[in-house]
Amino acid sequence: MNDLELLMAAAKAAGLKVILPAAHQRGLWIEGLEDEWNPLEDDGDALRLAVKLEISLEFAAKATWVKLRDEAGTLTLGNIPHNNDPYAATRRAIVLAAAEKYQEQQEKNNGN
């Protein structure tokens with residue numbers, strides 16, 4: 001998935017209504033929000049997304065580990081290397097976990 005697809009899936013997982021992608025394709029306009037929503041770039045958007053979806057994070061020296069709670073328990077999805085920017089890596093880990101949650105929701109709804 002590209003970043004825009006990740007953002008769309010993350011928004012849907014959080015139950016947000018996407019109005020349209022931002023003109024410059026870096027974020028989304030969400031119903032009820034005044035500012036562009038982009039948890040890949042905005043710490044506050046990422047934190048609110050993690051809290052809403054009960055995404056757990058663990059930090060190591062060179063990577064952020066992400067865990068997602070599902071009906072069966074806690075699933076460790078993996079880690080995102082920091083690559084000299086632990087904040088961007090953590091935001092990406094949150095968005096990836098949210099997109100994974102959306103995919104799981106879709107599979108469940110489709111009976112898979």
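One table, with the values for the structure above:
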item: Residues (within 15 Å of residue 80 (Cβ to Cβ), outside any loop (DSSP other than H, G, I, E, B) and free of Cβ contacts under 8 Å to residues at least 40 places away in the same chain) located in segment 50-60; result: 56, 57, 58, 59
item: Leading residue by the ranking (surrounded by the most Cβ atoms within 10 Å (Cβ to Cβ)) among those in segment 38-87 that are charged (D, E, K, R) and more than 23 Å from residue 109 (Cα to Cα); result: 45
item: Any hit, segment 5-22, residues being in contact with a Leu (Cβ under 8 Å, 6 or more places away or on another chain) and loosely packed, with under 14 Cβ neighbours inside 10 Å; result: yes
item: Boolean, residue 90 is part of a strand (DSSP E or B), buried (at least 17 other Cβ atoms within 10 Å of the Cβ) and hydroxyl-bearing (Ser, Thr, Tyr); result: no
item: Residues that are of a type outside the set (A, V, I, L, M, F, W, C) and assigned to a loop (DSSP other than H, G, I, E, B), drawn from segment 1-37; result: 2, 15, 17, 24, 25, 26, 27, 31, 32, 34, 35, 36
item: Candidates 96, 47, 77, 40 - the one that is within 22 Å of residue 4 (Cα to Cα), among the aliphatic types (A, V, I, L, M), in contact with a strand residue (DSSP E or B) (Cβ under 9 Å, 6 or more places away or on another chain) and not in a strand (DSSP E or B); result: 96
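Throughout, read-outs are computed from the coordinates displayed, never taken from laboratory work. Note that the structure is a prediction, hence the values are computed from the model and not measured. Cβ atoms come from the backbone with ideal geometry, glycine included; neighbour counts cover every protein chain shown.
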